[in-house]
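Worksheet for the structure shown next.
The values are calculated or read from the model by the stated rules, or taken from the named source; none is laboratory data. Only a predicted model underlies this, so the values are computations on that prediction, with no experimental measurement involved. All Cβ positions, even for glycine, are placed from backbone atoms using ideal geometry, and neighbour counts span all protein chains on display. Note: areas computed on protein heavy atoms with side chains; ligands, DNA, RNA excluded. Shrake-Rupley method; radii C 1.70, N 1.55, O 1.52, S 1.80 Å.
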Amino acid sequence: MKEIVSEQQFLLRQPCFPKKTPTDRYFFRLTNRLGDILRKNELLGGWPDNVIGRALLGVTGYFQDILTDSGIFRSFTEQHRKMYGRWLPFYDTSEDEGYIPHELNLQDVRFLLWYSLAMNFEERRLWNPLSEDILRAAEVIHKELNRLYDDPETPVPEDYHISRGLELGNPEEADEVFHFGNWLFMHCYLMTPAYAMTLVEMMQDPELQGGANTDLLRITLERSMMEDPTGPLALYLREWLFLILKGEMPPEQPESESVSLHPYYEKVIAATGGSPIAFFPTYNELNRFFIDVLGWEETENLPVLKESRDFVILVNPRKGMLVARNVAACLKFPDNPCYNEEIAKKYSIDLLTERGRCPADLLHYAFEHNALCEARFPGNDDTRLVRDNRDFIARCYLQKYYRGD
């Protein structure tokens, strides 16, 4: 059997690492056997072995989770259903399709394969979740897992009981909860694919490159664990802990009441006849608006925008005004002179998936008005797939760029 992941790579994903358990060897070998099955069936041939290996670690982690009912995948599907009315994005999870919540399901394997492959490989980051290679690979993997699921010889992974009986808020279990949270955020099969891009961005810091400054790296990672969302739903660690340990989201924090309307909001609303959004094909037109409507200086305001075009401004009564560039051509609003259907067909998906491409508030506004109606995965004309999953897609790809305020 050819190893697609090393033993060290496998153990790093286990909840009890650096300790070993008697069942580790079984599930390590399972991960590599799944790689052999894919090779034998000539599946996922266009993906690098290291990316396939990460995806199979995710599938094995899911299988361990389901065998022990540790609550990780359960918390994801339960929350997805509360948010969107169905157990998973993209795939049919109806009873007619044989989906059984919290059991081993073909649709779960499809999702995990797509999620782990797309999040871990920049060249195919926008891979269609309904692509033939994903569906066929999931089918053969599920067949093997289903065989093992019903096999009385399949062991129960001991370390996946890590969260069993833990109580949030109990000072006597604070260390155990912290350890579980650290593993969940940094190493859990469900969180690491979505966190991969955040980690890449973090390591661009010159002080962290090379890995010599271990203290700064530790502090940076701990801060990220407390401040950044992760996982396919871009939830914060506190939210994941509540879902897994208590079966519910934490209480929402009340929003601070704004004493008065932001002055930019009032000025823009007055200038547009009541609309909070406005479009400008060129920098000169945008700058003229800044001067004539907002009262800015008679000069080149925000000169960093001069080389861009297709601008959007959006105002909020509490937050004020945002300016987005090079996005208006993708937004189908009746009064948008910049809209271009061909550009929208090709590039709208980037607004949901490319970090920093489009401000989160503008995405929410566009979703509310179905203004990204041409968004689709490359090579696929099914706009419904993106439309029905647009909030999930934005959460999964954009993470803190979508959920951060």
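Taking the range 237-262, which residues are surrounded by 13 or more Cβ atoms within 10 Å (Cβ to Cβ) and either in contact (Cβ under 8 Å) with a residue 40 or more places away in the chain or more than 28 Å from the chain's Cα centre (by Cα) (or both)? Correct list: 237, 240, 241, 242, 243, 244, 245, 246, 249, 261, 262. Does residue 173 satisfy being assigned to a helix (DSSP H, G or I), without any contact (Cβ under 8 Å) to a residue 60 or more places away in the chain and more than 22 Å from residue 35 (Cα to Cα)? So residue 173 passes the test.
Applying the condition of being within 18 Å of the chain's Cα centre (by Cα) and among the basic types (Lys, Arg) to the range 372-387 and asking which residue is surrounded by the fewest Cβ atoms within 10 Å (Cβ to Cβ) yields 387. In the list 285, 297, which residue meets the criterion of being among the acidic types (Asp, Glu), surrounded by 13 or more Cβ atoms within 10 Å (Cβ to Cβ) and over 21 Å from residue 348 (Cα atoms)? Matching residue, one of 285, 297: 285. So which residues in the range 184-194 are open to solvent by 10 Å² or more (accessible area, probe 1.4 Å) and of a type in the set (A, V, I, L, M, F, W, C), if there are any at all? Matches in the range 184-194: 186 only. Evaluate the following for residue 87: is it part of a helix (DSSP H, G or I) and at pLDDT 95 or above? Considered against the rule, which asks whether it is part of a helix (DSSP H, G or I) and at pLDDT 95 or above, residue 87 comes out as no. Just one of (1) more than 19 Å from residue 126 (Cα to Cα); (2) modelled with pLDDT of 95 or more fails for residue 405. It is (2).
Does residue 353 satisfy being out of contact with any Pro (no Cβ under 9 Å at 6 or more places or on another chain), among the polar types (S, T, N, Q), over 28 Å from residue 202 (Cβ atoms) and buried (at least 16 other Cβ atoms within 10 Å of the Cβ)? Walk me through how you get there before you give the answer.
Working: out of contact with any Pro (no Cβ under 9 Å at 6 or more places or on another chain): yes; among the polar types (S, T, N, Q): yes; over 28 Å from residue 202 (Cβ atoms): no; buried (at least 16 other Cβ atoms within 10 Å of the Cβ): yes.
So residue 353 fails the test.
The single condition among (1) part of a helix (DSSP H, G or I); (2) surrounded by 15 or more Cβ atoms within 10 Å (Cβ to Cβ); (3) modelled with pLDDT of 85 or more that residue 178 does not satisfy is (2). As a summary of the residue check, residue 100 satisfies the conditions (1) of a type outside the set (Asp, Glu); (2) modelled with pLDDT under 95; (3) out of contact with any helix residue (DSSP H, G or I) (no Cβ under 9 Å at 6 or more places or on another chain) except for the one numbered (2). When the range 90-110 is filtered for residues that are outside any loop (DSSP other than H, G, I, E, B), out of contact with any Phe, Trp or Tyr (no Cβ under 8 Å at 6 or more places or on another chain) and open to solvent by less than 60 Å² (accessible area, probe 1.4 Å), only 106 remains. If only residues of the range 62-89 that are of a type in the set (Gly, Ala, Ser) and touching a residue at least 24 places away in the same chain (Cβ under 8 Å) are counted, the one that is surrounded by the most Cβ atoms within 10 Å (Cβ to Cβ) is 75.
Evaluation of residue 105 against the conditions (1) in contact (Cβ under 8 Å) with a residue 12 or more places away in the chain; (2) in contact with a His (Cβ under 9 Å, 6 or more places away or on another chain); (3) more than 24 Å from residue 28 (Cβ to Cβ) shows that the sole unmet condition is (3).
Could you pull out every one of the helices (runs of 4 or more DSSP H) wholly within the range 334-391 that has 2 or more residues that are among the polar types (S, T, N, Q) and closer than 24 Å to residue 83 by Cβ?
341-353
If the condition is being charged (D, E, K, R), at pLDDT below 95 and in contact with a helix residue (DSSP H, G or I) (Cβ under 8 Å, 6 or more places away or on another chain), then the range 111-153 contributes 124, 125.
Hey, could you check the range 147-159 for residues that are open to solvent by 60 Å² or more (accessible area, probe 1.4 Å) and in a helix (DSSP H, G or I) and say which is nearest to residue 10 (Cα to Cα)?
Of the range 147-159, the ones open to solvent by 60 Å² or more (accessible area, probe 1.4 Å) are 147, 149-150, 152-153, 156, 158.
Retained after the next criterion (residues that are in a helix (DSSP H, G or I)): 147, 149, 158.
On the way: 147: 22, 149: 20, 158: 15 Å.
That would be 158.
Residues in the range 2-23 that are closer than 17 Å to residue 155 by Cβ, loosely packed, with under 13 Cβ neighbours inside 10 Å and modelled with pLDDT of 90 or more: how many? Adding up the residues that qualify gives 1.
If you go through the range 195-216 and pick out every residue that is surrounded by 14 or more Cβ atoms within 10 Å (Cβ to Cβ) and either more than 26 Å from residue 55 (Cα to Cα) or among the small types (Gly, Ala, Ser) (or both), you end up with 3.
Within the range 308-333, being charged (D, E, K, R) and either without any contact (Cβ under 8 Å) to a residue 24 or more places away in the chain or not in a loop (DSSP other than H, G, I, E, B) (or both) holds for one residue alone: 325.
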